[in-house]
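In what follows, a structure is listed as structure tokens, so that the remarks can point back to it.
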Amino acid sequence: MKTSVNDVKILEVPTVSDTRGKLAVVEKECIPFAIKRVYYLYDVPSDSYRGGHAHKNLYQFLIPLSGSFEVHLKDGVNERKITLNKPNKGLLIVPGIWREIANFSSGSVCLVLASNVYEEEDYIRKYKDFELFKRT
Ligand code: T46
């Protein structure tokens, strides 16, 4: 699979702001996939890390609803590290990207919008298998 870490993008979520606060809306124009699943990570200890895998076909949009965390990305050749800390800025992760999520701040919440339902067959959980997947 040819995707690279440069295909991973921070997208701004349109936000309506007034004296009562802010309201952010993810509509279909905002992200390049139809949402089939929503899940979120919370109560994550600051010394733990999530991810440590890639997806074969899944698109995801990660939004730091609260707090901050770091997303480490690999495509088999290049790497990127992105800090998410603004609830109106999400990270679009395309298929075929290895990710590790770490350094969660206290009370942080990571919302994930996904292009498909949960399928364990879509996961590549060993880095050696990921390298092979990227070569083929
Ligand atoms: C990702 C990061 C951001 C389910 O039963 N249904 C689900 O929708 C998900 C996502 C997970 N699970 C089960 C599978 C495992 O037994 O929950 C357990 C923990 O899943 P996992 O170790 O994959 O969790 P994370 O936080 O490492 O990764 C998750 C997503 O799996 C992954 O796509 O990018 O959040």
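The values are calculated or read from the model by the stated rules, or taken from the named source; none is laboratory data. These figures come from a predicted structure and were not determined experimentally. So basically every Cβ, Gly included, is an ideal-geometry build from the backbone, and we count neighbours across all protein chains shown. The protein model used for the area step is the full one, side chains on, heavy atoms only, and it has no ligands, DNA or RNA in it. Shrake-Rupley method; radii C 1.70, N 1.55, O 1.52, S 1.80 Å.
In the chain, which longest range has no trypsin sites (Lys or Arg not before Pro) that are both DSSP loop (not H, G, I, E or B) and surrounded by at most 16 other Cβ atoms within 10 Å? Counting at most 16 other Cβ atoms within 10 Å as exposed, the longest clean stretch of the chain is 57-124. Looking at the chain as a GNM with Cα springs under 10 Å, which of VAL38, VAL94, VAL109 has the largest mean-square fluctuation? Greatest mean-square fluctuation among the candidates belongs to VAL38. Annotation for GLU100 and LYS28: the two label points, set 7 Å from Cα along the Cα-Cβ direction, are 3.9 nm apart. Between SER68, SER108, SER17, the GNM of the chain built on Cα springs shorter than 10 angstrom shows SER17 fluctuating the most.
For the pair LYS9 and ASP122 in one chain, pulling the backbone fully straight at 0.36 nm per residue adds 38.6 nm over the alpha carbon distance.
Place a point 7 Å from the Cα of SER17 along the Cα-to-Cβ direction; which residues of region 87-127 have their backbone N under 11 Å from it? Under 11 Å, as judged by backbone N against the label point of SER17, lie 88 of region 87-127. Mind checking which of GLU70, GLU100, GLU121 has the largest fluctuation in a GNM of the chain, springs on alpha carbons under 10 Å? So, out of GLU70, GLU100, GLU121, the one fluctuating most is GLU121.
Summary value for the chain: 36 percent relative contact order, contacts being C-alpha pairs under 8 angstrom separated by 6+ residues.
What a 1.4 Å probe finds exposed on the chain is 51% carbon and sulfur by accessible area, rounded to a whole percent. Remark: the GLU79-TYR42 segment gains 10.7 nm on full extension, using 0.36 nm per residue and subtracting the alpha carbon distance.
Annotation for region 24-43 versus region 104-136: alpha-carbon center distance of 16 Å.
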